[in-house]
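One structure is given below, encoded as C-alpha cells.
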Amino acid sequence: MVFLDIAEESWFDLGAMKALKALFAVLIAALCLTVLSYTASAGSGTWKDRPDNGEWFDANNWTSGTVPNGPNDISTFGSSKQTKVTASLSPEINAMVFDPGASAFTFTVRNASVFDISGVGITNNGRQVQNFILQQDGFSSYGGAIHFSGNATAGNKTTFTLNPGYPGGVQSGQLYFLDSSNAGEANFVLQAGALSGAGGAYLTFKGTSSAANGKFLAQGSTVSGAFGSLVDFSDRSSAGNGNFVLNGSAVSGRGNNYSDFYQNASAGNATFIVKGGTVAGGNGSVVYFSGRTTASNATLIIQGGLNGGDGGLVEFSETASGGTSRIVVNGNGALDIPSYSAPGMTVGSIEGDGNIFLESQALTIGSNGRDTIFAGLLQDGGASGGSGGSLVKTGQSRVVVTNPNTYTGGTSINAGSLVINNSTGSGTGSGPVQVNAGRLGGTGTLAGPVTIGTGTGAGAILAPGYANQANPATLSLQSTLTLNSDATYNCEFKSSVAAADHVVSNGVTITGGAQITLTDFDNSVLILGTVFTVIDNTSAIPIAGAFSNLPDGATLVIGQNTFQANYEGGDGNDLTLTVMP
C-alpha cells in the first residue's frame, strides 16, 4: 500500500493540497448523509403523501424519519403521490397496513433482496388492490423474494406477480410461506420463463403454512426451451382452500408447470385445475404427490391437451394418499396411482372421460359420497408399468361407468352402487367381479365371472338398470353368475308395456338363502300366458339351485297379476315367470 505524504511539496503545491482536502471533505459529508439516510434508526413509520423518491430505505420518505426495518415495526400507507416503492436492500417488518383511503401501490423487490414480513402480515383496509412484483434484473443469480413467516398473512385485495428468470439463473420471483403464515385471499401470478433455458417463478409453502383462500395462476410457457414455474408444498403445509390454475405449455418442448407435494404436506380443500399443452408437443402441467402426503379433500381437475398437446397429469408415488379427493380427468389427461403402495390407494370419487392408470394396484373410490359418471379408460400400467390393477367401490354413492375398460385385476363392491353402462367391450375389464355389499347394476356388459354376496354378509344386490327407476333393463354377463346365500336379485317390472329386468349369464348358481324381489311399477293387467325371462342362462348347463323365496313351480302375485316360476323355461335352462289365471 502507498501512502501519500501531503506535506511533501514535491508532490503538491499548497493550493492543490487545499483543494484536495476540500474535495475529500465534500465527498465524506455526502457519504455520511447517504449512510445516515439509509441506515436511520429502524421503527414504525407512515409513508409520506409526497416522499422524496420511491426508495424504502430512505428515511426522508417516512413521516417518522425512521425506516420500518425490524421484527416489531409496522409500515403504514395512505394516499401518496409516489406509489412505486422499491426495496434496494432487505427489510423486515411485522405488519404492513393500508389505510381506507390508501392509493394503489406497486412494491418491487429486485435481485437478491428479501422482503421479510414476519408478524401480522398485510392488512388492506382500503378499496385499492396493492401490487407486489418480484423480479430478476439481468443475468444475476437470484431474483427478489418475499418471505412470510410467523403468523403473517398475504392479506386481501393484494396481487403478487412473480416474474421469470434468465438462462443460467434460478427462478426469478420467489415467494416463501414459512412457519404458520398463510396466503390470505391474495392473488398470485407466476410467470414462466421468457427466454430459452430460463426458469419460471418459484412459490413454496413450508412448516405449517397454508395457501388459505388464495388464488394462484401459473402461466404456460410461450418460448421454446423455457421452463415453467414450480409450486412446492413440504413439511406439514397445506393448500388450504386455495384455487390453483396450472396452464400447459403453448410451445413444444419444455414448459411444464409443476406443483409438488412431499414430506407430510396436504392438498387440503383446494382446487387444482391441471391443464394440458395447447399445441402439438406442448407439455401439460403436473401435480405430484410423494412421501406421506395426501390429496385430502381437494378437487383435482385434470384437463386434456388442445391441438395435439399433452394432457395434464396428477401422479401419486410412495405412500401418498388420495384421501377423499374428487378426481375429474378429461381428454388425454391422466391420473397415475402409485405402483408400490400395496394394497393400493383411495380417492373420494372419479369422473370425466380421461385416463386412469392403475399400475398393478387397487384404486378405491366412492368415499366422498359424490354420485359420478366415469366415461374414461381404467387400465393397467402407468409410469412404473405393471398389470393386475383393480377397482374397489365403497361409500354410499353411485358410480356409473359408461365405457369399456381394460384393467385385469378385478372389481369389488363394498358399498353403494356401481352401474355398468358400456355399449362395447367390458365395463369392468377382464377380471372377476365380487359384490360384498351394495349394488351392481346397469345395462352394459361384464366379461369376468360375477359373484353376488359372500355367504356371510348382507345387502349384496344385483339390480339391472338403475334401482327404483321404471325402465326395465338387461345386464349382460359373459361369464358365470353366482348368487350366494346373502344375495338378492332385484327384478323390476313395467306391466303397462309388458317388460321386465333380466340378466344374461353364461352359467348360473343360486345357493340356499339367496332371494329375489319382484316389483311392478305399474298396475296393469297382463295377457294370460305372457312370459318374462328374468335370468337368461346362455350356458347349456341348467341353473343350479333356486331362490329361497321362489321355488321352482311356485306362484306369486305381483300387482294385479299372478305368475308361476320355471327354472327350466325359455330354451330349457332359463328362469321365467309366466302370467297365470
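We did not get these values from a lab; they are worked out from the coordinates using the rules stated. Everything numeric here is computed off the predicted structure, so don't read it as measured data. Positions of Cβ are generated from backbone atoms using ideal geometry, with glycine treated the same way; all protein chains shown enter the neighbour counts.
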message = Please compute, for the alpha-carbon atoms of the chain, the extent along each of the three principal axes and give them in descending order in Å.
response = 138, 45, 39
note = A correct Karplus calculation of ³J(HN,Hα) over segment 269-276, with 6.51 cos²θ - 1.76 cosθ + 1.60, θ = phi - 60°, whole Hz and x for Gly and Pro, returns 10, 6, 10, 10, 9, 9, 8, x
ask   = Roughly how many whole Å is it from the C-alpha centroid of segment 502-524 to that of segment 547-581?
value = 10
request  = Return the calculated 222 nm mean residue ellipticity for the chain, to the nearest 500 deg cm²/dmol, obtained by summing -39500 (n - 2.57) across DSSP H runs with n ≥ 4 and dividing by the residue count.
outcome  = -1500 deg cm²/dmol
remark   = Between the alpha carbon centres of segment 412-467 and segment 323-371 the gap in Å comes to 19
note = The summed charge of the Arg439 Cβ neighbourhood (under 10 Å; Lys/Arg +1, Asp/Glu -1) stands at +2
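Here is the link list: Lys157/Lys206; Lys81/Lys206; Lys84/Lys275; Lys48/Lys206; Lys206/Lys393; Lys81/Lys157. Which ones come out longer than 30 Å on Cα distance? Working shown, then result.
Working: Lys157/Lys206 23 Å; Lys81/Lys206 37 Å; Lys84/Lys275 34 Å; Lys48/Lys206 35 Å; Lys206/Lys393 35 Å; Lys81/Lys157 20 Å.
The pairs that break the limit, which is 30 Å between Cα atoms, are Lys81/Lys206; Lys84/Lys275; Lys48/Lys206; Lys206/Lys393.
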key: Between segment 284-302 and segment 63-128, the alpha-carbon center distance in angstrom   = 35
request  = Only bridges with both residues in the chain count here: give the DSSP antiparallel percent, nearest 5.
outcome  = 10
inquiry  = Tell me the Rg and the Dmax, in Å, that the Cα atoms of segment 91-250 produce.
reply    = 14.9, 45
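What is the packing order of peptides 348-361, 104-117, taking the mean over residues of other C-beta atoms within 10 Å and listing the highest first? If you can, show how the numbers build up before the last one.
Values: 348-361: 24.1, 104-117: 19.8.
Top of the packing list down: 348-361, 104-117.
Could you please report the charge total around Tyr407, scoring K, R as +1 and D, E as -1 over all other residues with beta-carbon less than 12 angstrom from its beta-carbon?
Numbers: positive: none; negative: Glu359, Asp380.
Once positives and negatives cancel, what remains is -2.
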task = Evaluate the relative contact order of the chain (contact order divided by residue number), counting alpha-carbon pairs under 8 angstrom at least 6 apart; express in whole percent.
result = 4
note = Mean separation of Cα contacts under 8 Å (at least 6 apart) over the residue count of segment 178-278, i.e. the relative contact order in percent, is 27
ask   = Using the Karplus equation 6.51 cos²θ - 1.76 cosθ + 1.60 (θ = phi - 60°), what ³J(HN,Hα) coupling, rounded to whole Hz, does each residue of segment 452-457 give in order, writing x for Gly and Pro?
value = 9, x, 10, x, 10, x
query = Sequence-distant or interchain residues sharing an amide H contact under 5 Å with Thr46, placed H: which?
reply = Thr63, Ser64, Thr76
task = Give the span of segment 507-581's Cα atoms along each principal axis, as three whole-Å numbers ordered largest to smallest.
result = 34, 26, 20
